[in-house]
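The values are calculated or read from the model by the stated rules, or taken from the named source; none is laboratory data. Model, not experiment: these values are computed from the prediction. Because the Cβ atoms are built from the backbone with ideal geometry, glycine has one as well, and the counts that use them run over all protein chains shown.
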Amino acid sequence: MSNSTHSYRQDERNQHILININGELFPREKAVVSVFDSGFILGDGIWEGLRVHHGKIPFLDRHMKRLWEGAKALDLDMDLSQAELSQRLYDTLAANQMEEDVHIRLMVSRGIKSTPYQDPAVTIGGPTIVIIPEYKTPDPTLNERGIRLYTVYVRRGYADVQDPRINSHSKLNCIFGCIQASKAGFDEALMLDPHGHVATCNSTHFFIVREGEVWTSSGDYCLDGITRRNVIELCKANGIPVFEKNFSVMQAYGAEEAFVTGTFAGLTPVVDIDGRSIGCHSIGCRSIGDGSRPVTERLQSLYLELIESECGP
């Protein structure tokens with residue numbers, strides 16, 4: 001997926017990073033977890049993706065709240081406070097002398113097991129908490145090129161099977177979607193809910209613009225993304241009509257604009273869905289799919305201003 005929203009410039013500094021495992025720092029080549037770890041054996045854990053801007057982690061309180069809610073749902077004892085984990089994140093950044101263009105993957109598993117078995121009762125000790133900070137700058141040409149989405153057969157399921165609102169390590173359905181989209185020659189998967197409505201993408205959240213209105217899914221079958229929620233709030237604060245609602249792929253085909261959101265790249269334009277070019281349909285546009293995206297560009301600017309205000313002095 002060379003053109004995905006997670007495309008980034010390679011950075012040689014990442015070969016020398018220090019990775020935090022349970023409060024202890026290790027060079028990249030020595031940062032390992034046990035083969036008996038719950039995350040490795042079962043995908044039993046939760047995670048967050050974080051960005052660093054001007055030495056600060058924007059919206060960290062929201063990320064911590066979501067992480068703790070996931071831990072509560074999994075009946076996983078975090079074994080430390082939100083303040084202590086936040087400090088551990090900043091200590092890891094300080095040890096690596098990182099202040100800008102950094103992405104952090106924060107992973108928490110239930111911990112080491114006495115034997116490879118799913119029952120949490122065979123877990124020994126506390127959770128495994130891993131912090132991987134890397135220098136990652138989003139591909140600078142991605143915004144101009146945009147991404148292409150492919151509607152896949154894999155659905156976002158009901159909460160009584162596996163609640164899609166939990167940011168768990170178990171992402172196999174998203175991986176299936178990612179593979180199908182990639183095999184079809186597209187950049188990311190567009191995933192539907194059990195009723196056939198648009199839910200989300202395999203690693204980002206999906207928005208369309210129709211007649212000046214911003215639409216995103218109902219949120220019933222997707223993670224409540226931090227960037228997704230920020231964009232919704234920005235729309236409301238700046239007089240842009242926004243709706244969390246059910247809509248079909250056909251309605252997405254007819255959108256004037258489309259974009260996806262995520263912590264890593266912010267807002268990224270969508271230029272194609274299932275081979276249909278996405279673009280302006282109103283009077284004054286040169287043609288369908290002419291590349292005009294005024295609402296997306298306005299929201300990109302507003303989001304950058306929000307990041308600056310969050311991380312300013």
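Descriptive notes on the structure:
- In the range 225-283, the residues that are touching a Ser or Thr at 6+ places or on another chain (Cβ under 8 Å), farther than 23 Å from TYR153 by Cα, part of a loop (DSSP other than H, G, I, E, B) and not hydrophobic (A, V, I, L, M, F, W, C): GLU256, THR263, GLY279
- Selection status of SER170, buried (at least 16 other Cβ atoms within 10 Å of the Cβ) and touching a strand residue (DSSP E or B) at 6+ places or on another chain (Cβ under 9 Å): no
- Of all residues in the range 173-197 being assigned to a loop (DSSP other than H, G, I, E, B) and surrounded by 20 or more Cβ atoms within 10 Å (Cβ to Cβ), the one that is nearest to the chain's Cα centre (by Cα): ASP187
- Some residue of the range 22-32 being over 17 Å from GLY262 (Cβ atoms) and in contact with a Lys or Arg (Cβ under 7 Å, 6 or more places away or on another chain): yes
- Picking from residues in the range 238-268 that are of a type in the set (S, T, N, Q) and closer than 20 Å to GLU297 by Cα, the one that is surrounded by the most Cβ atoms within 10 Å (Cβ to Cβ) is THR268.
- Apart from one condition, HIS169 fits all of (1) touching a Ser or Thr at 6+ places or on another chain (Cβ under 9 Å); (2) in the same structural domain as ALA31 (by TED's automatic domain parsing); (3) within 21 Å of ALA31 (Cα to Cα); the exception is (2).
- Matching residues, the range 120-156, being surrounded by fewer than 17 Cβ atoms within 10 Å (Cβ to Cβ) and over 18 Å from the mean Cα position of the chain (by Cα): PRO120, ALA121, VAL122, ILE124, GLY125, GLY126, PRO140, THR141, GLU144, ARG145, TYR153
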